[in-house]
Amino acid sequence: MDAYATAPQVYAAGLIFARLGAMMMLMPGVGDGSVPARVRLAFAFLFALMMFPVLGGEVGPVPATNGEMFGQILREVLIGLMIGTILRTMLGALGIAGEIVSIQSTLAFSQTTNPGQAQPSTSLSTFLTVMGVALIMAADLHHMFLAAIISSYRLFPFGGDLPVGDAAQLAVQTTAQAFALGLQLAAPVVVFSLIFNIAAGLVGRVMPQFQIFFVATPLLVLGSLAIFALSLGVLGMVWLDHYRDLIGTFL
């Protein structure tokens, strides 16, 4: 080992890889379920080698016992999982919006495979999730991802205490914000569906013999999809602004 790298260097590179690998497994885009795990780990390994000359000097000496060493590695993995999960949670706001729109437009039965989650979800939810990843790449937010990774070592330096309380509070706030944002993004379709269903109910009460189901369902689907298409640009920009603000909390 000493012919290529000393034990402290291997230990420092391992700690850097532990945090980076955990983040890369969950980060939007790179950490999608459609990306093979080997590709994600290879990218994290290469990124760790690039970051070693910058961050290697901040790692302390090799712990005297194996328990302390595994404790430091576990701490770095938990920090990486915390950051990656929070970034993934905000991406779920688009999935929530797609689910709400699908329910309101009676298209919830249409299921497709979501490449980000590697499991079936509604077609509109899958579409919005893929659109969110595309917007991240088009707006160069993946560059902010890399900057946030580097800044995480300033916020959570090596050997410090594990910020359990702050991480839990941030996770709760991000989850609540994602649900609220998902409902806000789907609000135009929700309002249209509410008004349309009330109007259809009134017509059904006034004209009981009128086949309201066969007439209202196609109109509800067409109207919901039309409003969804018209609001798609604003929806994407609003979500992108919230996502940029979330990444800014780690910079």
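If packing is taken as the average count of other Cβ atoms within 10 Å, what order do 242-249, 97-104 fall into, highest mean first?
Ranking the peptides 242-249, 97-104 by packing returns 97-104, 242-249.
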Inset, instruction - Considering only Leu78, Leu181, Leu49, give the residue with the highest GNM mean-square fluctuation for the chain, with springs between Cα atoms whenever their separation is below 10 Å. - result: Leu49
Inset, instruction - Using a 10 angstrom cutoff on alpha carbons, build the Gaussian network for the chain and name the most mobile of Ile83, Ile150, Ile198. - result: Ile198
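Extension gain Leu46-Val206, at 0.36 nm per residue separation less the Cα-Cα distance, in nm? Walk me through the intermediate numbers first.
Values: separation 160, 0.36 × 160 = 57.60 nm, distance 6.89 nm.
Length gained between Leu46 and Val206: 50.7 nm.
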Inset, instruction - Go ahead and estimate [θ] at 222 nm for the chain from helices alone: -39,500 (n - 2.57) per DSSP H run with n ≥ 4, summed, over the residue count, rounded to 500. - result: -25500 deg cm²/dmol
Legend entry - Förster radius 25 Å - calculated FRET efficiency between Leu183 and Leu230 (Cβ-Cβ, nearest 0.05): 0.85
Legend entry - Proxy reagent accessibility, fewest Cβ within 10 Å first, across Met51, Met137, Met27: Met137, Met51, Met27
Inset, instruction - Please grab the % of Cα pairs in region 103-251 that end up more than 27 Å from each other. - result: 42
Inset, instruction - Give, in nm to one decimal, the length gained when the segment between Ala134 and Arg244 is fully stretched (0.36 nm per residue of separation minus the Cα-Cα distance). - result: 38.2 nm
Legend entry - Ranking of Glu58, Glu76 by count of other Cβ atoms within 10 Å, fewest first: Glu58, Glu76
Legend entry - Inter-part distance where region 14-64 and region 197-245 are each reduced to a Cα centre, Å: 45
Inset, instruction - Rounded to the nearest 10 degrees, what's the angle between the helix 7-24 long axis and the longest principal axis of the chain, both from Cα atoms, 0 to 90? - result: 0
Inset, instruction - Return the distance in nm (one decimal) between the two label points of a simple spin-label model at Ser151 and Ser110, each offset 7 Å from Cα along Cα→Cβ. - result: 3.9
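Using only Cα atoms, what is the ratio of the radius of gyration of region 1-100 to 2.2 N^0.38 Å? Spell out each step's value before the answer.
Working: Rg = 16.0 Å, N = 100, 2.2 N^0.38 = 12.7 Å.
Region 1-100 yields a ratio of 1.27.
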Inset, instruction - Once you've got the GNM for the chain with C-alpha springs shorter than 10 Å, pick whichever of Leu124, Leu162, Leu26 has the biggest mean-square fluctuation. - result: Leu162
Inset, instruction - Two decimals is fine: what's Rg over Rh for the chain, C-alpha atoms, Kirkwood radius as Rh? - result: 1.14
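None of the figures in this text is laboratory data; all of them are computed from the coordinates on show. Computed from a predicted structure; not experimentally measured. Note that each Cβ is placed from the backbone with ideal geometry, even for glycine, and that neighbours are counted across all protein chains shown.
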